[in-house]
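The values are calculated or read from the model by the stated rules, or taken from the named source; none is laboratory data. What you see is a predicted model, and the numbers here were worked out from it, not measured in a lab. When we count neighbours, we look across all protein chains shown, and the Cβ atoms used for this are built from the backbone with ideal geometry, even at glycine. Heads up: the accessible areas ignore ligands, DNA and RNA and are worked out on the full protein's heavy atoms, side chains in. Shrake-Rupley method; radii C 1.70, N 1.55, O 1.52, S 1.80 Å.
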Amino acid sequence: SHEVTSGEEIEVEIPPDKPAEAQPQDLPLTILYEDDHLAVLNKASGMVVHPAHGNEDGTVVNALLHRFGALSSIGGVARPGIVHRLDKETSGCLVVARNDIAHQHLSAQFAGREVNKIYLAVTHGTPQPPAGTIQTHLGRDPHDRLKMAVLPAPAGKWAHTDYEVLYTLTGDALVKCTLHTGRTHQIRVHLKHLGHPLLGDPTYSRKTKQTHAPRLMLHAWKLTLTHPVTGQRLACEAPLPPEFKPWLPENLLDQPQGT
């Protein structure tokens, strides 16, 4: 914004080059399943999936490169092995490909909606009716490009979420969400569209109006897919984070912690 004038000197400092490829880093990972072709992680809340502007290291990809040495190349040098993503603050099941053949098969399953994805969310208030289907078009919010929003068709992309209230506590609800599509921020926007945004959501809720939550209350709980080599169905379940404990009924508190 500074207007230069005659006689001024401008000094530019060029930073040293950085490698385009993501670099291995010794970071903690929780592995739910692994073999020579793929791995399923329980991603921690607060961990970014792959390097990007503002998060150039400390990501899942950096940790995977340290653990496995090499991943599929289809995602490019910054996103090796990444078949799908979770938001930074979302925890739970994340599948990654260790070679290109596995990546191609897994990507085709996600594109063909052959992967079963079940999430747990805690909402502000209790959705009514307590079970239902949300089908809308989602796209960039025309008033805030950092957000997604429900848009009138044919704008945006079609998105489909089934939900079921599992438990209520002081008016808030533990909600099971089954994703039939994989749009950016889909669950967060769909539940806000019902009038019940997620607790702890810094983007789509007013936290001052909500019960306090230590994080975004969204967890990728269960993931079922077809193994790209054996053809067998592979089911993984990510243990429920301790932050969810106040909203968990006994039948979920007693569940097996991971498969």
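Taking all protein chains into account, the per residue accessible area for the chain stands at 54 Å² (1.4 Å probe). Surface composition of region 131-259: carbon plus sulfur atoms contribute 53% of the solvent-accessible area (1.4 Å probe, protein chains only, all chains present). Legend: distances between Cα atoms for 18/209; 18/245; 18/147; 18/117; pairs beyond 32 Å are 18/209; 18/245; 18/117.
Taking only Cα atoms of region 74-192, what ratio of Rg to Rh do you get with Rh as the Kirkwood inverse-distance radius?
Values: Rg = 15.9 Å, Rh = 15.8 Å.
Reported Rg/Rh, Kirkwood definition of Rh: 1.00.
In terms of the mean number of neighbouring beta-carbon atoms within 10 Å, the peptides 17-26, 77-86 order highest first as 77-86, 17-26.
By accessible area, using a 1.4 Å probe on protein heavy atoms only, region 3-51 has 50% of its surface on carbon and sulfur.
Comparing 164, 13, 243 in a Gaussian network model of the chain, where Cα atoms under 10 Å apart are tied by springs, the biggest mean-square fluctuation is seen for 13. Our coupling estimate for region 6-11, obtained by passing each phi through the Karplus curve with A = 6.51, B = -1.76, C = 1.60 and θ = phi - 60°, is 4, x, 6, 10, 10, 10 Hz, Gly and Pro reported as x.
Run through all the Cα pairs of region 6-144 and give the fraction in each 5 Å bin from 0, expressed as whole percent. Calculated over all Cα pairs of region 6-144, the distribution is 2, 8, 15, 18, 16, 13, 10, 8, 5, 3, 2, 2, 1, 0, 0 percent. Each of the peptides 215-225, 121-131, 146-156 was scored by the mean count of other Cβ atoms within 10 Å over its residues; in descending order, highest first, they stand as 215-225, 121-131, 146-156.
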